[in-house]
Amino acid sequence: QVQLVESGGGLVQAGGSLRLSCTTSQIIFSFNTMGWYRQAPGKQRELVATITNGGSINYADSVKGRFSISRDGAQNTVYLQMGSLKPEDTAVYYCSGYYSSSRTYWGQGTQVTVSS
């Protein structure tokens, strides 16, 4: 069974930093793509950042220059380093592991709250 477990969320002041971690039960390079998404109250889930098994990275325009996605294959962990946080970054952040459109797995989510 594929499992993804996020950690690292919390409450931080605007301008601060947090690092999220996502540890999987599978070898991370077995996924076609791994990524971070977020969902704010009353809004749809949106892409934050993705990284392919080949190392290609994509960021949402709203986080470019502030967030960084990385991975550690030895730990089967993907990270999201978040800096210069803004109140509008407040959301539940989800890790995803994508094999195909019919095989996408999600973590349980971790809350990030940025106070002004």
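Annotations
- Scanning the stretch 19-38 for residues that are closer than 30 Å to S116 by Cβ and open to solvent by 30 Å² or more (accessible area, probe 1.4 Å) turns up R19, Y37.
- Hey, Q44 surrounded by 12 or more Cβ atoms within 10 Å (Cβ to Cβ) and under 24 Å from L11 (Cβ atoms) or not: no
- Matching residues in the stretch 1-22 - criterion: being outside any strand (DSSP E or B) and closer than 21 Å to S84 by Cα: G8, G9, A14, G15, G16, S17
- Residue among Q75, Q13, Q44 that alone is under 20 Å from Q3 (Cβ atoms) and not small (G, A, S): Q75
- The residue of the stretch 55-83 that is nearest to the chain's Cα centre (by Cα), among those that are of a type outside the set (A, V, I, L, M, F, W, C) and open to solvent by 70 Å² or more (accessible area, probe 1.4 Å), is Q81.
- Among residues of the stretch 84-109, those that are touching a residue at least 24 places away in the same chain (Cβ under 8 Å), on the phi < 0 side of the Ramachandran plot, open to solvent by 20 Å² or more (accessible area, probe 1.4 Å) and among the polar types (S, T, N, Q), counted: 3
- Where a residue in the stretch 26-38 is of a type in the set (S, T, Y) and modelled with pLDDT under 90 and its partner, wherever it lies, is open to solvent by less than 60 Å² (accessible area, probe 1.4 Å) and assigned to a strand (DSSP E or B), with Cβ under 9 Å and at least six apart: S30/T24; S30/G97; S30/Y99
The values are calculated or read from the model by the stated rules, or taken from the named source; none is laboratory data. All figures in this text were calculated on a predicted structure; none of them were measured in a lab. Cβ sites come from the backbone with ideal geometry, for glycine too, and all protein chains shown count toward neighbours. Just the protein is used for accessible areas: all its heavy atoms, side chains included, with ligands, DNA and RNA removed. Shrake-Rupley method; radii C 1.70, N 1.55, O 1.52, S 1.80 Å.
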